[in-house]
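Everything on this sheet refers to the single structure shown next.
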């Protein structure tokens, strides 16, 4: 298997002053050409109240995909395979024969890769996206899982450093993490089996990149090449279940087991998630769409498509699923993983932080210019070009593709 990571450079995803509330930060954003009026937001909120989420997600997905101009000879089909909503693009004229799967992050679906469909489908014989289980148009499946718990005590020292002590039940927390990971990984594997696919290329973003990395650990012979785009859960930290010590001096080095990020998600968000937005009705819709419109407007001048994506996202985020809770089992409110990628990199027969530790794996690291966290949306032309270049080499060693 070959592994490749893509990061972004060019602008921050949030340029706001300290001390402001989240709402104030969003309101302080410069206006976007696709901002929605309060009247439009009220209509959208009423649309959510009076229609099923599945109906509206289907409606807006169809409208967005109808606006995507595919190359000649490319066919698009939508279906449900092993409970996962699938979009498949087929192009018999394309040169890259290895089936390639696009895996989305949290708060998104496979359809979010729509800007990449034209260029990627011109180069891949079989291109797939799926919605995560319990998300979007995939089957909604709830299950009980214990939320991991940890108690952290910080003591300020004379030299402006901080000493930490962490108490957690490692075995119980690990059991929760593994349960949620397997919920996703086994769903992806069942999807692969029902599609009768042998080995895959995987291009994955954010939380999807974390899950895809873990898929490689569990099913190593099913992945040919792996592209991690703005991956979540990379950093080591004091919360890692793999740490040997439960106390020490806080480090600002994200490759250190003593790393601690002091920024965190407010408890209101971690407790209520997107349900909080439902309480405040059209005003919450306006805040959400203002936050998103500036980001979605980067890298595209197709305003009709952007406005459809805004409406789609509101219905997705208002969907009654367990995806946010599942995320918080694996990645805590400091946005740090309990079982980070850096702690597991050597399991890929391996030996920039992750890539300095790779041994025997062909790995590349790229930065996409003028792109924020959502690199595949912000600068799809450069992103697609880099992905195609990386995946176009289908040379084999002893009849098998290698890392």
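The values are calculated or read from the model by the stated rules, or taken from the named source; none is laboratory data. Just so you know, these numbers come straight off a predicted model, no measurement behind them. FYI the Cβ positions are ideal-geometry reconstructions off the backbone, even for glycines, and counts take in every protein chain you see.
Structure above, values below:
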read-out: Some residue of region 53-63 being in a helix (DSSP H, G or I), modelled with pLDDT under 95 and either more than 23 Å from the chain's Cα centre (by Cα) or at negative phi (or both); value: yes
read-out: Test: residue in region 27-38 that is under 25 Å from residue 299 (Cα atoms), at pLDDT 90 or above, surrounded by fewer than 16 Cβ atoms within 10 Å (Cβ to Cβ) and over 22 Å from the mean Cα position of the chain (by Cα); value: yes
read-out: Out of 44, 49, sole residue that is farther than 30 Å from residue 231 by Cα, touching a helix residue (DSSP H, G or I) at 6+ places or on another chain (Cβ under 6 Å) and either in a helix (DSSP H, G or I) or at pLDDT 90 or above (or both); value: 44
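Each row is one residue, and each column tells you yes or no for (1) surrounded by fewer than 21 Cβ atoms within 10 Å (Cβ to Cβ); (2) modelled with pLDDT under 90; (3) out of contact with any strand residue (DSSP E or B) (no Cβ under 8 Å at 6 or more places or on another chain); (4) part of a helix (DSSP H, G or I).
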residue	(1), (2), (3), (4)
291	yes, yes, yes, yes
305	yes, no, yes, yes
310	no, no, yes, yes
314	no, no, yes, yes
326	no, no, yes, yes
334	yes, yes, yes, no
347	yes, yes, yes, yes
